[in-house]
Structures are given as structure tokens and as C-alpha cells.
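Asks: This is the structure I have questions about; it appears just below.
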Amino acid sequence: MALFGRFVVMARIAVTDGMAKDAVALLEQSGHEVILGTISSTDLAAGALGEFDAIIVRSATKLPADVISASGDRLAVIGRAGVGVDNIDIASAAEAGIPVVNAPRASTQSVVELTIGHLLSSLRHIPRADRGMRSGKWEKKAMKGTELSGKNLGLIGFGRIAQGVGAVAQALGMTVHTYDPYLPPKVAKAQNTTLHKKVETLFSNCTHISIHCNLNDETHHLVNAKRLSLMPGRSNDGIDCGNHIVNCARGGIIDEDALFQAMEDGAVASAALDVFEIEPVDPSSPLLQHEHFHGTPHIGAATMEAQARVGLDIARAIMTVLDGGTCETTVNAHLLT
Ligand code: MLT
């Protein structure tokens, strides 16, 4: 299979995890048939994708190797309406000659804003204060927080989202550090950011850490007990602000049991997660019961603006491939021969 798409004039496109109306309309106006609705994992493994020329998923639909190999010859393109492709076996797709395309830029601003929201919420105890007020408590004294200004923020991964978070953090008076083994040093320099060669030195320099890398074998449980124990707890401005963790990237990068234990021990003062190793997260998870934890159900890209952009970007990407072209956001291009 060449890098170019298979020319399909009137395609049947499965959209299994929802998509903005305008994006559905764009595909339909271009002559394609859009079938909206979930397909069970059992049906997917039994070859349900054999009836489609394209499928567009978000993170809920999983497309592992067996689903791809059961899909037969018809499937010409897989679209990921979003950034992360850890729910798709992109190597198996390439083996079957199927390009996997994504929409990497559309949700950047939304995830940046959620990350900053989580940081501020943790530091000013907003979820805890709200929970207290609802149960009749007026805990003014117990809600003394700290400012972001004057603190070191460590960003694990320094792609588009992290750079956006870094820029806002700098505007708020934070000093930004990063660990990203794939980053050309000049990019960090241009953003006035200290690039660490070892993730350990990022942890030992930063009281606030936010995750912005992909989940893969290299990053699974990258945030573990040992590294959390390196965080200084005291900021450069001499404030005992404690240590704070935010993750709006992917679950599984943080060892959640280690994070809970670090919160119990006081090594970590707060944690705010939008993503979990297993989603939906078990509501009885000890982490969720911790007073200094707050979370959101993987809503980084869940804004009207991001979803509108994601939908249109992925619809255009899918159409490019169905028109026989190559899409610049083909994530398995290097594996397609
Ligand atoms: C993404 O990878 O685009 C985000 O995590 C959003 C999502 O999965 O819906």
C-alpha cells in the first residue's frame, strides 16, 4: 500500500464516539454517508469495520490489532478526532495499508486552559472549599493557598500544549522547566525554559509538575514514588508551598498508587487529574477519596471551540485520504510502505 489514500467517491464512514454537527455535514455534503453510533468491541473484533471505508473515533473506541485485522480490505482510513492515538494499533493499521490520521492542533488551547484551571484550583483549594461549603462549612482559615507566581513549574514533554501552558505560567510569574528527550534545545531556549537532560533533575527543581507527553512504554509510570520523593516542597521564593501534580495528558504516565501514597505521606500536597490509567476511573479508588485530590473525566478537549475544530480537521483529513491524497497528519506515515 502506498502512502496515498484509496480513491473512494461515496464512502461509508462510521463515527463511533460522536462528532460536531458541522463536521458531519461537511462529510455528507461531499457525498459520503455518515453512520453515527457506537460499535461494541465484540462487533469490532468480529469484523464490523468490513462494512466501512472509514472510521472516525475519539478515545472511547479501541482499535487494537485484532479489530484491524478483522476489518477486511474495505477500510481505507482511520481518523482519530483528537491527538492521542494510544487507542489505535497504528503499526497493525500500517501493515494493513491503512493510514491513521489525527487532529493534533485543534484542542491545544482548550487543554492549556484546563491545565491552568487545575493548577489554580489545586493551589487555591477551589474544589475542597466548594465541597466544604456545600456541606455547611465556612472553612476560611483552612483554605489558605499559595500563589503560582515565584514557583518552578516542571513540564514533562514540551510539545504544543506544554508550550502554551508554559507561556501562561510565565505570564503568571512562574519559572518554567521541562524534560523532553526529543526536544531540540533551541526550542526550550526560545521559550525561556530550562531543559533538563534527566527527568530526576526536573523533579528535584520543581514544586509544580504538569504532564504533557504521550503514553508509551517509555513514559508508562514515569511519575513514580522515587521521583515524587525528589520534589522540593519549598519554592525559590522561600514559601513552603508543597508539591503539586497535574495531568491532562494521558492516564498511565502517573503510577496512581504511588501518587496516593505520596499524598498520604505529605510528599505531594495536591493532585489534579483529568486522565486515569483506567477510564472511567473506579469511583472507589483511594485517590478519589483523598481530600487534596480533584479530578475531571477526561475533558481536556471538551469545549465547543475545540470540538468544532477537531471535527472539521478530521473530516478534512479523512476526505483528503478518500480523494486519494496524503494527509500531513498521518501518524503512521513512517510505517506505511
Ligand atoms: C486527545 O487525545 O485528543 C484528548 O485526550 C481528547 C480525547 O481523547 O477526547
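The values are calculated or read from the model by the stated rules, or taken from the named source; none is laboratory data. These figures come from a predicted structure and were not determined experimentally. Cβ: placed from backbone, ideal geometry, glycine included. Neighbour counts: every protein chain shown.
Asks: Is it fair to say Ala93 is away from the ligand (no atom under 14 Å from the Cβ), touching a residue at least 12 places away in the same chain (Cβ under 8 Å), buried (at least 23 other Cβ atoms within 10 Å of the Cβ) and assigned by TED's automatic domain parsing to the domain that holds Lys21?
Replies: Here the answer is yes, as Ala93 does meet what is asked.
Asks: Condition check: over 15 Å from Ala317 (Cβ atoms) and either among the basic types (Lys, Arg) or more than 16 Å from the ligand (Cβ to nearest atom) (or both). Does Gly50 satisfy that? I'd like the intermediate steps shown before the answer.
Replies: Values: over 15 Å from Ala317 (Cβ atoms): yes; either among the basic types (Lys, Arg) or more than 16 Å from the ligand (Cβ to nearest atom) (or both): yes.
So Gly50 fits the description; yes.
Asks: Name the single residue that is nearest to Leu336 (Cα to Cα) among those in segment 59-88 being surrounded by fewer than 23 Cβ atoms within 10 Å (Cβ to Cβ) and within 16 Å of the ligand (Cβ to nearest atom).
Replies: Val85
Asks: Look at Asp53 and say whether it is crowded, with 19+ Cβ neighbours inside 10 Å, over 18 Å from the mean Cα position of the chain (by Cα), farther than 27 Å from Gly251 by Cα and charged (D, E, K, R).
Replies: Working: crowded, with 19+ Cβ neighbours inside 10 Å: yes; over 18 Å from the mean Cα position of the chain (by Cα): yes; farther than 27 Å from Gly251 by Cα: yes; charged (D, E, K, R): yes.
Taking the combined requirement at face value, the residue satisfies it.
Asks: Kindly check whether there is at least one residue in segment 211-223 that is more than 16 Å from the ligand (Cβ to nearest atom), in a helix (DSSP H, G or I) and either closer than 24 Å to Gly300 by Cβ or more than 15 Å from the chain's Cα centre (by Cα) (or both).
Replies: Initially, segment 211-223 is screened for residues more than 16 Å from the ligand (Cβ to nearest atom), giving 217-218, 220-223.
Filter again for in a helix (DSSP H, G or I), leaving none.
Within segment 211-223 (the criterion being more than 16 Å from the ligand (Cβ to nearest atom), in a helix (DSSP H, G or I) and either closer than 24 Å to Gly300 by Cβ or more than 15 Å from the chain's Cα centre (by Cα) (or both)), the answer is no, since none of the residues qualifies.
Asks: Here's something else I'd like to know. Can you tell me which residue in segment 250-308 is farthest from Gly117 (Cα to Cα), limited to those that are in a helix (DSSP H, G or I) and within 16 Å of the ligand (Cβ to nearest atom)? Before you say what the answer is, go through the steps one by one.
Replies: Going through segment 250-308, the residues in a helix (DSSP H, G or I) turn out to be 256-265, 286-289, 304-308.
Pick out the ones that are also within 16 Å of the ligand (Cβ to nearest atom) and you get 304-308.
Numbers: Met304: 17, Glu305: 17, Ala306: 16, Gln307: 19, Ala308: 21 Å.
Once the filter is applied, the top-ranked residue is Ala308.
Listed here are the residues, each with its yes/no results for (1) aliphatic (A, V, I, L, M); (2) more than 15 Å from His244 (Cβ to Cβ).
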position	(1), (2)
Ala94	yes, yes
Pro104	no, yes
Lys141	no, yes
Lys151	no, no
Gly154	no, no
Pro181	no, yes
Gln191	no, yes
Lys197	no, yes
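Asks: Here are some conditions: (1) within 26 Å of the chain's Cα centre (by Cα); (2) outside the structural domain of Asn205 (by TED's automatic domain parsing). Leu148 meets all but one. Which one does it not meet?
Replies: For Leu148, the exception is condition (2).
Asks: Please list, ordered by first then second residue, the pairs with beta carbon atoms under 8 Å, 6 or more apart or interchain, first in segment 104-124 and of a type in the set (Lys, Arg), second not in a helix (DSSP H, G or I).
Replies: Taking only residues 6 or more apart or on different chains, the pairs are Arg124/Gly145.
Asks: Restrict the check to segment 241-249 and report whether at least one residue is surrounded by fewer than 16 Cβ atoms within 10 Å (Cβ to Cβ), assigned to a loop (DSSP other than H, G, I, E, B), among the hydrophobic types (A, V, I, L, M, F, W, C) and within 16 Å of the ligand (Cβ to nearest atom). Write out each step before concluding.
Replies: So in segment 241-249, the residues surrounded by fewer than 16 Cβ atoms within 10 Å (Cβ to Cβ) come out as none.
There is no residue in segment 241-249 that is surrounded by fewer than 16 Cβ atoms within 10 Å (Cβ to Cβ), assigned to a loop (DSSP other than H, G, I, E, B), among the hydrophobic types (A, V, I, L, M, F, W, C) and within 16 Å of the ligand (Cβ to nearest atom).
Asks: Is it the case, given these coordinates, that Ser110 is within 14 Å of the ligand (Cβ to nearest atom), modelled with pLDDT of 95 or more and among the polar types (S, T, N, Q)? First the steps, then the outcome.
Replies: Numbers: within 14 Å of the ligand (Cβ to nearest atom): yes; modelled with pLDDT of 95 or more: yes; among the polar types (S, T, N, Q): yes.
In short, yes.
Asks: Can you go through Gln289, Gln307 and tell me which one is loosely packed, with under 15 Cβ neighbours inside 10 Å and either within 24 Å of the chain's Cα centre (by Cα) or among the β-branched types (Val, Ile, Thr) (or both)? Give the derivation first.
Replies: Working: Gln307 fails: loosely packed, with under 15 Cβ neighbours inside 10 Å.
After ruling out the rest, the residue left standing is Gln289.
Asks: Next question. Quickly run through segment 121-144 and pick out the residues that are of a type outside the set (Val, Ile, Thr) and surrounded by 16 or more Cβ atoms within 10 Å (Cβ to Cβ). Steps first, please.
Replies: The initial filter retains those residues of segment 121-144 that are of a type outside the set (Val, Ile, Thr), namely 121-125, 127-144.
Residues satisfying the conditions are Ser121, Ser122, Leu123, Arg124, His125, Pro127, Arg128, Ala129, Gly132.
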